[in-house]
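Chemist: To start, I am sharing the structure in question, which I have written as C-alpha cells.
Read-outs: derived from the displayed coordinates by stated rules, not from any lab. The structure displayed is predicted, hence computed values, not measured ones. Don't worry about glycine lacking a Cβ; one is built from the backbone with ideal geometry, like all the others, and counts go over all protein chains shown.
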Amino acid sequence: MALAVEGVDLARATAETQTALIDALHDNLVLCMRGQTLAPVAFRDAMARFGTPMKRLQLAATPECDEVNIISSEDRDELGDGKKLVNGASWHTDDSFMREPCSLTMLYGVIVPSRGGDTQFVNMYAAYEALSPEMKARIAGLLVIHKYQSSRQTNRVSRRPESEMKAMPEAIHPLVRIHPVTGRKALYLNANRMEQVVGMERAESDALLDRLIAHAIEPRFQYRHVWRQGDVVIWDNRCTMHKANADYPEGERRLMHRVVVA
Ligand code: SIN
C-alpha cells in the first residue's frame, strides 16, 4: 500500500503519465507526488484529470477556486461554539454521509509542520480479506446508515446551517463494497459517520461496528504518510480509511488544500 513518485509535474502531466498514475493509484491505493507547486486553480485543473471536482460546503474554500477546500490548523467551528476543530481526526472515508460519496481525495501540503501532522491510512481490501470466513458470511449483504452528525461520532464535526443539513439526509451504504474498477471487495467503514446497521438492534450493531473498526485499524493494514511541503497525496475512498493527526508543535501551522472528485 502507498507509492511515492518523484519527478512528475502534475500541472503538465502527459496523457501517458496520467494513465500510469491512475493505474498506480488502483494498485497502491494511496499515491504521493512529491515537489508540486500548484496555485488553487492549477491544483483543481490537475485533479480534474482524475475525475470531476466537486464542491464541498462543509469545509472553507479558497477565494480563488471554490472546488479547493482548506484544511488548516486554524480551523474553527465557526457556526457552532467557535472552538478549534481538527477536521478528519478520527478514522473515516470521505463523504460517507452523502448518498454519492466522492471516489478520490487529493490533499496538497501547502504548509507542513516541522514534525507531526501525519495522515494515517488503512487498506480496506486487506482488512476485508483478513476477516474470518464466519465474519465474512455474517456481514455479507449488510447495510449501514451513515450520518453527518452520527450519535457514535468520535470526533467533533463543524455545525452546518439547517438548509445544508436538509440537503444531506442520512445515506445507506453496504458494509462490504465491490470496487467498481478493480472488482475487489473492501470493508466500507467510517468511525465518525456510521449510525447503525440496518435492521439490527442498537447494541448488536454497535458491537459489530466497533469490532470491525478495531480490526481494520490494526497496524498491519496501515500506512502513515509523513508530509513534505509540496506533496500531493491522492487516495481512493472506496478501499481506504484515513485519519488526520494534530500532534504537531503548538504554534506551528499546517495548511492543506483539498479536492474531491465524483
Ligand atoms: C481529511 O480527512 O480529509 C484530511 C486529512 C488530514 O488533514 O491529514
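Chemist: Collect residues whose amide H, placed 1.01 Å from N in the peptide plane, falls under 5 Å from the amide H of residue 4; neighbours closer than 5 in sequence don't count.
Modeler: Amide H to amide H, under 5 Å and 5 or more residues apart or across chains, residue 4 pairs with 32.
Chemist: Is the C-alpha gyration tensor of the range 16-162 telling us rounded, prolate or oblate? Criteria: a/c under 1.5 is rounded; beyond that, a/b larger than b/c is prolate, otherwise oblate. Provide the component values of the computation, followed by the final result.
Modeler: Working: a/c = 1.73, a/b = 1.13, b/c = 1.53.
It is oblate, given that a/c is not under 1.5 and a/b is not larger than b/c.
Chemist: Could you work out how far the C-alpha centroid of the range 226-262 sits from that of the range 76-143, in angstrom?
Modeler: 11
Chemist: How many nm is it between the label spots at residue 76 and residue 89, if each spot is 7 Å from the Cα in line with the beta carbon?
Modeler: Modelled inter-label distance: 1.6 nm.
Chemist: For the chain, what does the helix formula give at 222 nm: sum of -39500 (n - 2.57) over DSSP H segments with n ≥ 4, over the residue count, nearest 500 deg cm²/dmol? Please list the in-between numbers first.
Modeler: Numbers: 6 runs with 55 residues, N = 262.
Rounded to the nearest 500, it is -6000 deg cm²/dmol.
Chemist: I need to check one value: relative contact order of the range 3-261, counting alpha carbon pairs closer than 8 Å and at least 6 residues apart, in percent. Walk me through the numbers before you get to the answer.
Modeler: On the way: 521 pairs, mean separation 92.4, N = 259.
Relative contact order here is 36 percent.
Chemist: Can you tell me how the range 127-200 classifies by the Cα gyration tensor, rounded, prolate or oblate, using a/c under 1.5 as the rounded cut?
Modeler: Numbers: a/c = 2.34, a/b = 2.01, b/c = 1.17.
Taking the square roots of the gyration eigenvalues as a ≥ b ≥ c, the range 127-200 is prolate.
Chemist: Per residue, what volume in Å³ does the convex hull of the Cα atoms of the chain enclose? Before the final figure, lay out each step's value.
Modeler: Numbers: hull volume 33.3 nm³, N = 262.
Enclosed volume per residue, from the Cα hull, is 127 Å³.
Chemist: Apply the Kirkwood formula to the range 136-262: the hydrodynamic radius equals the inverse of the mean of 1/r over all pairs of different alpha-carbon atoms; give it in Å with one decimal.
Modeler: One decimal place: 17.0 Å for the Kirkwood radius.
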